[in-house]
Amino acid sequence: MDSSSSTFTDVSSDHSKSIIHIDVDCFYAQVEMVRKPELRSLPLGIQQKNIVVTSNYEARKYGIRKCMLVSDALKVCPNLKLVNGEDLHDYRAASNKIFTILQNWKGPVEKLGMDENFIDVTNLVQEKLKNINVTSITLSGNMYCEPSEECPCGCHTRLKVASQIASEMRNKIYDELGFTTCAGIAHNKLLAKLVCPLNKPNDQTTIFPEHGANFMTTLQSVRSIPSIGSKTTEVLISQKIITVSDLQEVSLDVLKKHFSGDMAVRLKCLSVGEDNTPVKQSGRPQSIGLEDSFKTVSVKSEVEEKFLALLQRLLILVREDGRIPVSLRVTLRKRDVKRLSSHRESRQCQVSPSIFTISNGTLTVTEAGQQKLMSIIMRLFNKLIDLSKPFHLTLVGLAFTKFQERMTGRSSIVNYLMNDISVQSVLNIQNDCDTSASSMDYSAASPSSSTTTDLSDGEVEPSPKKPKKVNWIAKRRCLSKEEVASPSKLKVGELRLNSKELEKVSELRLSSRDRSLTPRASPAKDNPSDASDSMKDVAEGGKCADCPSYVDKEVFNALPDNMQQELKAMWKNPASSELPRSSPRNLNKAKPNTLLKYFVPHK
């Protein structure tokens with residue numbers, strides 16, 4: 001190794017972190033064996049289409065390998081027990097349970113697929129060291145190589161404590177879920193992942209920082225390094241850089257001729273086992289999708305059947321996730337018969353949240369809602385496929401790509417809007433008295449997908465037809481001066497501002513005393529000026545003189561006294577509500593949880 005490569009160990013080496021990588025042994029097979037313990041003693045393979053995607057260790061003794069054809073696997077092991085693993089529901093559920101257990105250690109947990117997780121236990125190790133005698137600390141599991149001397153930074157001690165934490169995690173997973181796991185412990189994610197499978201199954205390995213460069217030379221191909229993809233590998237091989245040792249020995253200047261400066265440095269660091277990538281806490285998935293592949297389908301009715309089957313499975317995943325989808329993507333893989341190749345195309349559009357209803361706290365879709373989703377799916381399909389010409393599909397996929405979070409508190413206005421049938425029915429009412437619905441401002445939980453978006457389908461699907469009675473009540477309440485007994489009876493269409501009055505905003509003179517604060521006192525006795533203000537209110541038909549001119553007075557007077565008092569306090573003290581009274585265009589900057597935002601016109 002030349003001097004240019006050796007400097008990377010010195011410059012990039014940071015031993016302060018303690019990272020654990022946990023991988024579940026033969027994950028799919030274990031899920032099936034936990035469900036059916038009688039399968040543990042049998043050679044077991046998980047089948048998807050005509051491929052054995054994984055197998056248990058009993059089957060591997062016969063030579064069963066990953067992604068082996070079923071026909072070849074049965075030749076090698078005639079008594080192989082095959083289980084269909086195309087439905088990933090149980091595997092996802094098991095993965096989420098493991099992830100939940102690992103979060104109990106109060107450190108960032110980053111999912112890698114369904115069966116692997118990174119855990120940063122740096123802070124936890126520091127806490128444990130405060131209460132542990134350093135001389136009594138022992139390493140749990142296997143050690144890649146014995147250190148010749150202690151590292152002055154104390155990383156050996158920290159990694160020994162991390163190995164004990166890894167053992168606790170693995171025992172917890174086994175005790176609660178019945179899954180055996182392997183683990184890798186190191187000062188960075190790269191080495192933790194690479195040493196994890198060294199002592200499979202059901203064991204763990206710890207590697208110290210000074211052995212990282214030597215361990216990397218045991219990898220035969222540069223492709224074995226995570227984050228080095230096929231295109232980078234092709235460029236490296238073209239320069240006669242095939243093994244990791246070759247990558248360690250090549251000069252940085254040579255790499256800079258074919259890669260950017262940052263990428264060249266990154267490759268050199270990886271080659272000696274250095275990686276400063278942080279463990280990022282995983283959240284909810286940005287999209288939820290399913291795909292179904294097959295040899296070929298050329299009939300629309302068959303495509304529709306496959307989409308329907310995917311949709312029913314996808315709705316189960318959405319129900320478990322709990323968020324309300326607002327965007328749907330359709331993916332097709334078309335086969336070009338002339339070129340003997342295939343390519344993917346996608347289209348997506350918005351879907352109305354009203355398709356999804358909440359029943360007893362669970363997100364559900366009625367049969368009519370499923371039919372509406374199917375009509376959207378087939379409309380997108382028709383935009384992707386020219387049905388006047390022959391077509392050949394080898395894959396169809398469905399995915400919900402954007403979501404809005406549910407707020408299900410008992411006093412949440414979202415809970416009221418989502419569960420009150422009468423309110424849902426008037427969300428989109430537009431009647432002769434210019435009463436339009438006020439809608440919640442939801443933001444998507446995930447960024448827009450990179451797939452092709454059909455803007456023509458961007459409009460939200462129309463809500464179901466409203467009952468005549470609901471329409472009649474909404475219009476009657478708008479046109480009449482009917483008193484409303486309770487805010488729960490108010491329709492959303494009535495809680496709006498008069499946009500014409502908004503153009504000429506002029507604050508009315510505030511009364512010297514809020515009548516809601518002194519309901520039992522007589523204004524004539526307390527203050528003559530208050531009495532005159534009250535008489536003025538009566539003369540104006542009960543309208544509130546304290547309200548700004550852009551507020552619908554009838555709706556305001558229909559609110560309970562405590563709500564009126566809250567709103568008046570906001571208008572009297574703009575600083576507390578962060579709303580400049582003299583700038584109506586800034587009204588939309590109200591805090592999201594304030595009642596005042598529902599009196600601002602929805603644009």
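The values are calculated or read from the model by the stated rules, or taken from the named source; none is laboratory data. Just so it is clear, the structure is predicted and the values come from calculations on it, not from any experiment. Note that each Cβ is placed from the backbone with ideal geometry, even for glycine, and that neighbours are counted across all protein chains shown. Accessible surface is based on the protein model in full, side chains and every heavy atom, while ligands, DNA and RNA are left aside. Shrake-Rupley method; radii C 1.70, N 1.55, O 1.52, S 1.80 Å.
Beyond 29 Å in Cα-Cα separation lie the following of the pairs K97/K383; K231/K306; K61/K240; K36/K106; K66/K193: K97/K383; K231/K306; K61/K240; K36/K106. Only the Cβ atoms of Lys and Arg (+1) and of Asp and Glu (-1) were treated as charged; on that basis the dipole of segment 219-271 about its Cα centre amounts to roughly 100 debye.
Let me know the shape class of segment 222-366, please: from the alpha-carbon gyration tensor, a ≥ b ≥ c as square roots of the eigenvalues, rounded when a/c is under 1.5, otherwise prolate if a/b is greater than b/c, or oblate. Oblate. Only one residue of G283, V330, A309 has its Cα farthest out toward the positive end of the dipole of segment 282-355, where Lys and Arg carry +1 and Asp and Glu -1 on Cβ, and that residue is V330. Computed in the context of the full set of protein chains, the accessible area of segment 112-237 at 1.4 Å probe radius has 48% of its extent on carbon or sulfur.
Once C-alpha pairs closer than 8 Å and six or more residues apart are averaged by separation and normalised to the residue number of segment 34-89, the relative contact order reads 37 percent. Rounded to the nearest 20, the Cβ-based charge dipole of segment 34-89 about its Cα centre (Lys and Arg +1, Asp and Glu -1) stands at 160 debye. Measuring nothing but how far apart in sequence close Cα pairs (under 8 Å, 6+ apart) lie, relative to its length, segment 95-195 scores a relative contact order of 21 percent.
Given +1 at the Cβ of Lys and Arg, -1 at the Cβ of Asp and Glu and no other charges, the dipole of segment 96-206 around its Cα centre is 200 debye to the nearest 20.
Checking the a/c ratio against 1.5 first, then a/b against b/c, what shape does the Cα gyration tensor give for segment 219-271? Rounded, because the longest to shortest axis ratio a/c is under 1.5. Less than 5 angstrom separates the built amide H of S327 from those of V351, T401, K402, all sequence-distant by 5 or more or on a different chain. Phi-derived couplings, Karplus 6.51 cos²θ - 1.76 cosθ + 1.60 at θ = phi - 60°, listed residue by residue for segment 284-298: 5, x, 6, 8, 10, x, 9, 9, 9, 10, 7, 5, 6, 9, 10 Hz, with x used for Gly and Pro.
Rounded, prolate or oblate: which one fits segment 34-89, using the alpha carbon gyration tensor with axes a ≥ b ≥ c (rounded when a/c is under 1.5, else prolate when a/b beats b/c, else oblate)? Can you show the working numbers first?
Details: a/c = 1.91, a/b = 1.08, b/c = 1.76.
The shape class here is oblate.
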